Amino acid sequence: MMDLRQIRYFLAVADTLNFRRAAERIAVSQPALSQRIKALEDDIGAPLFERSSRGVALTPAGEVFQRGARKILREVELALSSARLADRGESGDLTIAFNEIAGQQPLVGQCLGLFRAAFPNVAVQLSEMGMAAQEDALLSGAVDIGFHYRVPGPATGLAYRILDEAAFMLVMPEGHALARKAAISLEDLANQPMVRLRREINADTHDGIVQAFATHRIRPRILVEASSDAAMLSLVSAGLGLAIVMGAQRRGGWEGLALRPIEGLAMAKQFVLAWDAAKRSAPRDKFLALVDRAAKMAPGGLER
């Protein structure tokens, strides 16, 4: 059975057309080289070299085999190089998910830029999806790593790196009467028209806020339910009600709005990077290491 060593031996003879010089190039004895070439010719079933007193020349079969052998060797060397790069996390694929607000955090863009610069041979795919969809995709292997906000809760089978925390705050038009207060109590919201996120968009946030009102025996007056945080801010800007949102950094949407802390709402969300530790991925591990370094340098980042 032909092997890579035989191909390399053949190409050494084909390049030099001299068994002695070929043996010196590949550091084997001339008899051993001759035996390898003879075994290769027996495997192929055709002579590859014409041997005469004038020297060595390729046969027609040898010329054809030379072209194929060079191609085989290049492909094998490329495969070996790619495997080594992949093992070091320097090539391969990486799918990164993020939800609406997480994708707006400067740390995410910074890490993506640094990773692309450091590992240009890794094909990075980005996907926007909510927290619940991310968790399912991470566990199924459809996504390698995901940025999102979550309320600490029961184990999900995923590993988490906590990057920051954001408290919930009340957002309202700047001219609203409550905007004159430094802090808002839940009782202040008893008769206020409210906008909130639909439960199917983010169940833990929805349920946590509902529970906080119920604990204080307050029934909020919900006028509109929105499909995203950005939609909630637009509805508040339009004067359709007040909303409870995370005080996380966002791109735009705050013009003409006031943000106040809420006394009695002891609820915060963690900004996390999540992954399935049971699955092996060298590019993912490189990305995790890069995020760790970036988070330590970022103001307000948490080390957990």
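Find how many whole Å separate the alpha carbon centroid of region 44-69 from the alpha carbon centroid of region 146-175.
What the calculation gives is 70 Å, centre to centre.
With unit charges on the beta carbon (Lys/Arg positive, Asp/Glu negative), name the residue among Ala39, Leu138, Phe271 whose Cα is farthest towards the positive pole of the charge dipole of the chain.
Ranked along the dipole, the leading option is Ala39.
Please state, rounded to one decimal and in Å, the Kirkwood hydrodynamic radius that the chain gives when every pair of distinct Cα atoms enters the mean of 1/r.
Details: mean 1/r = 0.0412 Å⁻¹.
After inverting the pairwise mean of 1/r, the radius is 24.3 Å.
Mind ranking 275-286, 115-126, 90-101, 4-15 by how tightly packed they are, going by the mean number of other C-beta atoms within 10 angstrom, highest first?
On the way: 275-286: 16.8, 115-126: 14.2, 90-101: 20.2, 4-15: 18.4.
Output ranking for 275-286, 115-126, 90-101, 4-15: 90-101, 4-15, 275-286, 115-126.
Tally Lys/Arg at +1 and Asp/Glu at -1 over every other residue whose Cβ is under 13 Å from the Cβ of Arg116; what's the total?
Numbers: positive: Lys286; negative: Glu90.
Charge balance in the 13 Å sphere: 0.
Only bridges whose two residues both fall in region 168-304 count here: according to DSSP, what percent of them are antiparallel, nearest 5?
Values: 9 of 18 bridges.
Restricted to region 168-304, the bridges split so that about 50 percent are antiparallel.
In nanometres, what is the gap between the two model label sites at Arg67 and Gln110, each 7 Å from Cα along Cα-to-Cβ?
About 5.6 nm, to one decimal.
Report, in order of residue number, the helices in the chain meeting two criteria: a C-alpha extent of 27 Å or more along the helix axis, and a mean Kyte-Doolittle hydropathy of at least -1.0; treat each whole DSSP H run as one helix. If you can, show how the numbers build up before the last one.
Numbers: long enough: 60-87 (41 Å, -0.12).
Those that pass (Cα extent of 27 Å or more, hydropathy at least -1.0) are 60-87.
Mean residue ellipticity at 222 nm from the helices of the chain, using -39,500 (n - 2.57) per DSSP H segment of n ≥ 4 over the full residue count, to the nearest 500 deg cm²/dmol?
Details: 9 runs with 125 residues, N = 304.
The per-residue figure over the chain is -13000 deg cm²/dmol.
How much length, in nm to one decimal, is gained on full extension between Asp15 and Asn191, taken as 0.36 nm per residue of separation minus their Cα-Cα distance? Spell out each step's value before the answer.
Values: separation 176, 0.36 × 176 = 63.36 nm, distance 8.96 nm.
Here the segment from Asp15 to Asn191 would lengthen by 54.4 nm.
Based on alpha-carbon centroids, what's the gap between region 198-236 and region 265-282 in Å, whole number please?
23
Please give me the summed charge of the neighbours of Asp188: other residues whose Cβ is under 12 Å from its Cβ, Lys and Arg +1, Asp and Glu -1. Numbers along the way, then the final one.
Values: positive: Arg180, Lys181, Arg260; negative: Glu187, Glu263.
It works out to a net charge of +1.
Taken together, the values in this text are just the output of simple stated rules run on the coordinates, not laboratory data. Note that the coordinates shown come from a computational prediction; the quantities given were computed from them, not determined experimentally. Ideal geometry is used to build each Cβ from the backbone, glycine not excepted, and the neighbour counts take in all protein chains shown.
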